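S.K.: Have a look at the structure that comes next, please.
The values are calculated or read from the model by the stated rules, or taken from the named source; none is laboratory data. Bear in mind the structure is a predicted one, so any value in this text is a computation, not a measurement. Neighbour counts are summed over all protein chains in view; Cβ atoms, including those assigned to glycine, are modelled from backbone coordinates with ideal geometry. Keep in mind that these areas ignore ligands, DNA and RNA; they rest on the heavy atoms of the full protein, side chains included. Shrake-Rupley method; radii C 1.70, N 1.55, O 1.52, S 1.80 Å.
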Amino acid sequence: MTGVRVMVVDDHPMWREGVARDLTEAGHVVVATSGEGRQAVRVAAAARPDVVVLDLQLPDVSGVEVIRGLRAALPEVRVLMLSASGEQQSVLDAVKAGATGYLVKSAAPAEFLDAVRRTAAGEPVFTPGLAGLVLGEYRRLAAAPAGAAPTAGRDPAPRLTDRETEVLRLVAKGMSYKQIADRLGLSHRTVQNHVQNTLGKLQLHNRVELTRYAIERGLDG
């Protein structure tokens, strides 16, 4: 894929500049950088990045508040958290606010660059061990009586094709696009198209929301 338009938000200048340099050298386009959360939301609205690489701890507001602001200003933007903290609650709070992925700062440069590319493609990317945590939380929420109520609601679920349902079932199992493509004998792009079509039909914004939708309907079994 062509270079991703990225914004880097981190309050440590050396770290911020280093990440921006790595991204540029890898062929991506750094459209903006910021060291403060409120400023980041304002700048992002003008710079229109595909992906925002966001630190969890900022001097003015929390990373979770920034995610909400970014999603309100740019509904299609994808947020990759890059944080020193791998604490479970921090991860869950970020994902619930709308983050697409969560990587700890100890990740290798190659892992980080791969995460940016995959985040831009709409794949949820997590430091090893965290993906299972997020899926487990969604299963817990889906099993709770309060979470089950909407599924019995008034509006019938949009009709998906058999192939879209099959892809959705594998998404709910936490499989990557590549793994799904290999399993079904499809191209990576075809899987991506099925996911995008399904997101459109269900009026969801990203694969994280899609995963929760599928789990709530028991498609992860």
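S.K.: By accessible area of protein heavy atoms, probe 1.4 Å, what ranking do 175, 7, 14 get, highest first?
M.R.: 14, 175, 7
S.K.: Now for a separate question. Given a 1.4 angstrom probe, I'd like the percentage of the accessible area of segment 5-93 that is carbon and sulfur, rounded to a whole number.
M.R.: Here carbon and sulfur together make up 49 percent of the probe-accessible area.
S.K.: Describe numerically, in nm with one decimal, the distance between label points set 7 Å from Cα along Cα→Cβ at residue 217 and at residue 184.
M.R.: 1.4 nm
S.K.: Which value, in Å², gives the accessible area per residue of segment 1-91 when a 1.4 Å probe is used on the protein heavy atoms?
M.R.: 48 Å²
S.K.: Here's a follow-up. Determine the per residue accessible area of segment 180-221 with all protein chains present and a 1.4 angstrom probe, expressed in square angstrom.
M.R.: Value returned for segment 180-221: 50 Å² of accessible area per residue.
S.K.: From the Cα gyration tensor of segment 1-83, with a ≥ b ≥ c the square roots of its eigenvalues, which class applies: rounded if a/c is under 1.5, or else prolate if a/b is larger than b/c, or else oblate?
M.R.: oblate
S.K.: Where does each of 182, 55 land when they are ordered by accessible area, with a 1.4 Å probe and the largest first?
M.R.: 182, 55
S.K.: For segment 94-109, take each phi angle, set θ = phi - 60°, evaluate the Karplus expression 6.51 cos²θ - 1.76 cosθ + 1.60, and give the result in whole Hz per residue in order, putting x for glycine and proline.
M.R.: 5, 5, 5, 6, x, 5, 7, x, 8, 10, 7, 5, 7, 5, 5, x
S.K.: Sorting 209, 25, 36 by accessible area (1.4 Å probe), largest first, what list results?
M.R.: 25, 36, 209
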